[in-house]
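The values are calculated or read from the model by the stated rules, or taken from the named source; none is laboratory data. Only a predicted model underlies this, so the values are computations on that prediction, with no experimental measurement involved. No Cβ is skipped: glycine too gets one built from the backbone with ideal geometry, and neighbour counts run over all protein chains shown. Note: areas computed on protein heavy atoms with side chains; ligands, DNA, RNA excluded. Shrake-Rupley method; radii C 1.70, N 1.55, O 1.52, S 1.80 Å.
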Amino acid sequence: MADPRNPIIPSIQKGIAKRWQPIENGTREWWRGYREWLRGARAPGTVTLTPDTVTAGSRQRLKLTFRVGKGGIAPYGHIAVEPPLSPLIPHSPGPPRPAARFRVTCSNPRPELQVEVSDGIIDVLIKEYPLEEGDELVFHFGEEEGNKAVMPAAARQHPFPVAVARKNWPVYQLIEEIPELTVTGAPARRFLVAPKPAVTQAKPFALQIVALDGVHGNPDPNYEGRVRLVCTDPKADIPERVSFTEDDGGIKVIEGLRLGNPGMHYITAVDEWRGISGRSNPLTADDFFDGLNVYFGDIHVHTWHCDGHATPEEAYHWSREVRAMDFGAITNHVEGAKRYHVDDFWPIVQEMAKKHNVPGEYVAFLAFEWGGWDLFGDKCVYYLDDDQPCYGANMPESNSPDKLWSVLPRGRAITIPHHVKFGGRTDWSFHDPQMQPLVEIFSQWGVGEDGGPWCVQQALERGYRFGFIASSDNHAGEPGTPTSGIAAVVAPELTREAIFTGLASRQCYATTGVRILLNVTVNGHGMGEEFSLPADEPRKVEVKVAGTGDLAEVHVLKCNRDIRVFEPGEPGAKMRFEDEARLEGPTWYYVRVVQTDGAMAWSSPIWVDPE
């Protein structure tokens, strides 16, 4: 038995503990130690999880059983578990609380169990007596006398990491096999309806329908039913009904559809028996983008390889199948704790980008996030090519924006600053118009367009010329999450080369997550373009918008100030006017769209220089 006079550290200090450690400039991160622990030696012991498959958001009594491995666990050793459940409230005397509690029991009655919770980790200190090989420690989530535990909302594999400090010092080792809780979607409550592409140019198009639950927008893998399709175009060649079978897993793609009439149209999917419906974003057979098309994607997403959740495979599935995106990218941090280089995940990211890049179906970019944070601001880096390296803000050759741009292949890579006025704000004293042609104007951080010296409008005032995109910065491996931001790229086809060119040439726009159609021209020049004109010659501004809901306001801005505000009050609008004011210098125009439901979009600017 251990000497009780020896100092005991009952809480987690290393390994599985996501202990917040002060690093530079007040930043608090745990990733470095966490990742080192993931690569360390494994400890003996086995774990079972009952049940191992649950429905998203359901209430369950979950039991995790840890069986002690060879060599046992000495007195004052630790067993730590990181459940994907919240809140974690240990059992205590007295009546049950409304929130579910957990308790820990042991098959060996001799040791006293001291249970603590810290940063989402349950740590059990084995006091006075050892645990022998074969002893079992059982974690009961949702104890019998209280409420059941609420299961995770996101439908994916949720690891239950378990680690052991086998002796009286807090150095943890992960057990050999980590159990995973499989979470599946709940019953469907609505449909996502996405025409692909949205601008058909009188050609056949596909329709992707996803049966989504009301818990988290997960696909319902068990949805079966007959779905009626109703189009605002009475001459559209679409089936009257579509059947979902068990093999569809809640996701259905119908090919070979056609519109019969010009104008903007919408398709509604209705399951009348279950009371489920969903309306598509606008689609048209008209030449909305002057011979080009528009594609939607979320290119700022994190997975478990840094500070996020989900595997890269799950993130790509969510992007392409669940949210019906046309393109995407995984942008994991490469510095570990935003200061420490971590290189083990990069080959996986490269492999996933290659695997999921399918021309004509889905475009995947090789990408990473460069973490300058409060020194320079963060930037996401996107490659045109495969098999490229990653560069961290902690590496001597890339520890400032200008150094980063110097090592990237010019013309084959671009960088995009994000949350420009939030968190690690962008240092606008660094700029390269070729390497930084875009800015992320919206993400889950909020709108970066205006307000304060770091906002997008202030950078435009400096004379910088960049286009606008939005993307989510989602850390749950769930790109395309509504209200978090997506990018719209105007391009001739769905290939990596075409989408990259559209981004690099600023032929793109941003939305808060909905698939608004937006086209803006000035004297026939499109989004992102620059041209010259005699100072006294009027500029003809044309705006076309098709919303996913009624349009509350369409703002036309010139040099960051409103010069026209239209209030259409309906989903579609076309506006034309002339700006006859003399050009006093370099001038830029862009459009901000606001729907009555709060959804927004921003066109990339168009620049006019006086001759």
Report yes if W588 is open to solvent by less than 30 Å² (accessible area, probe 1.4 Å), in a strand (DSSP E or B), touching an Asp or Glu at 6+ places or on another chain (Cβ under 7 Å) and of a type outside the set (A, V, I, L, M), otherwise no.
no
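Tell me whether the stretch 141-152 contains one or more residues that are more than 38 Å from the chain's Cα centre (by Cα), at pLDDT 90 or above and open to solvent by 10 Å² or more (accessible area, probe 1.4 Å).
We begin by selecting, within the stretch 141-152, every residue more than 38 Å from the chain's Cα centre (by Cα); these are 145.
Going one step further and asking which of them are at pLDDT 90 or above, we end up with none.
No, the stretch 141-152 contains no residue that is more than 38 Å from the chain's Cα centre (by Cα), at pLDDT 90 or above and open to solvent by 10 Å² or more (accessible area, probe 1.4 Å).
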How many residues does the stretch 245-262 hold that are open to solvent by less than 40 Å² (accessible area, probe 1.4 Å) and touching a residue at least 40 places away in the same chain (Cβ under 8 Å)?
5
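Please verify whether V138 is surrounded by fewer than 18 Cβ atoms within 10 Å (Cβ to Cβ) and modelled with pLDDT of 95 or more, treating the condition exactly as stated. Outline the logic, then answer.
On the way: surrounded by fewer than 18 Cβ atoms within 10 Å (Cβ to Cβ): yes; modelled with pLDDT of 95 or more: yes.
Yes.
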Condition set part of a strand (DSSP E or B) and out of contact with any Gly (no Cβ under 8 Å at 6 or more places or on another chain), scope the stretch 561-572, selection surrounded by the most Cβ atoms within 10 Å (Cβ to Cβ): answer is F566
Hey, any hits in the stretch 175-192 for a residue that's part of a strand (DSSP E or B), aliphatic (A, V, I, L, M), open to solvent by less than 10 Å² (accessible area, probe 1.4 Å) and modelled with pLDDT under 95?
yes
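Can M575 be described as buried (at least 16 other Cβ atoms within 10 Å of the Cβ) and assigned to a strand (DSSP E or B)? Full working, then the answer.
Values: buried (at least 16 other Cβ atoms within 10 Å of the Cβ): yes; assigned to a strand (DSSP E or B): yes.
Spelling it out, M575 is indeed buried (at least 16 other Cβ atoms within 10 Å of the Cβ) and assigned to a strand (DSSP E or B).
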Within the stretch 317-351, how many residues are open to solvent by less than 20 Å² (accessible area, probe 1.4 Å) and at pLDDT 95 or above?
12
Tally, over the stretch 123-170, of residues that are under 16 Å from L49 (Cα atoms) and in a strand (DSSP E or B):
13
Which members of the stretch 97-117 meet the condition of being hydroxyl-bearing (S, T, Y) and open to solvent by 60 Å² or more (accessible area, probe 1.4 Å)?
S107
Out of all the residues in the stretch 532-549, which are of a type in the set (A, V, I, L, M, F, W, C), open to solvent by less than 10 Å² (accessible area, probe 1.4 Å) and either over 29 Å from E570 (Cα atoms) or outside any strand (DSSP E or B) (or both)?
none
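Condition check: part of a loop (DSSP other than H, G, I, E, B) and under 30 Å from L212 (Cβ atoms). Does G328 satisfy that? Before you say what the answer is, go through the steps one by one.
On the way: part of a loop (DSSP other than H, G, I, E, B): no; under 30 Å from L212 (Cβ atoms): yes.
No: the conditions fail for G328.
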